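This report concerns only the one structure given below.
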Amino acid sequence: MINRQQRGQDPNGGNLVAGAFPAGPGRRRAGGAARVGQAAFSLVEVLVAVSIVGVLFVTMYVGITSGFGVVQVARENQRATQILLEKMETIRLYSWDQLSTPGFIPASFSSSFYTTNGVGTGILYTGSVAIAAAPITESYSNDLVQVTVQIGWMSGNVARSRSMSTFVSRYGLQNYIY
């Protein structure tokens, strides 16, 4: 038995409106031409889509890689600042006589920052401590010294350095500690 759709009639009793039902295999359009190749994308569209997806993946990879690099540099800077602060805190605890004695405080030092997984050598920080007369001309200039701590390390192929400087007076904070 042939139903109304197959005879070209509307299932609701009317005549079939041209273009109301999509042409499929074995069906023809109102003009008599069969639909051919309209269900797929063209080669150019596929190539453009693939290139956009490729650019997005490369951009994502570069972003993640540079993020890890920024975190590594920040970690190295933080460790260098910790070492500088540690040296400054020990300077604060020396008495005036100890600061004034040449050679009492070592002029150079080194500190390592090891990796957490134990693989590799880590980073070697090397530094120096310089104690010099304060660059002032006031009457108390003989009772004041300038202490500068410098530190350097290699980050990949880039040499990095930081420094910290402070003044220490003869009648400063160290008299309250000892």
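Any read-out appearing in this document is the output of simple, stated calculations on the displayed coordinates, not a laboratory observation. Here the structure is a predicted model, which means the values were calculated and not measured. Ideal geometry is used to build each Cβ from the backbone, glycine not excepted, and the neighbour counts take in all protein chains shown.
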Quiz item: Along the positive direction of the dipole of segment 75-175 (beta-carbon charges: Lys, Arg +1; Asp, Glu -1; about the Cα centre), which of A133, I123, L85 reaches farthest?
Solution: I123
Quiz item: Based on the inverse mean of 1/r over its pairs of different Cα atoms, what is the Kirkwood hydrodynamic radius of segment 43-177, in Å?
Solution: 18.6
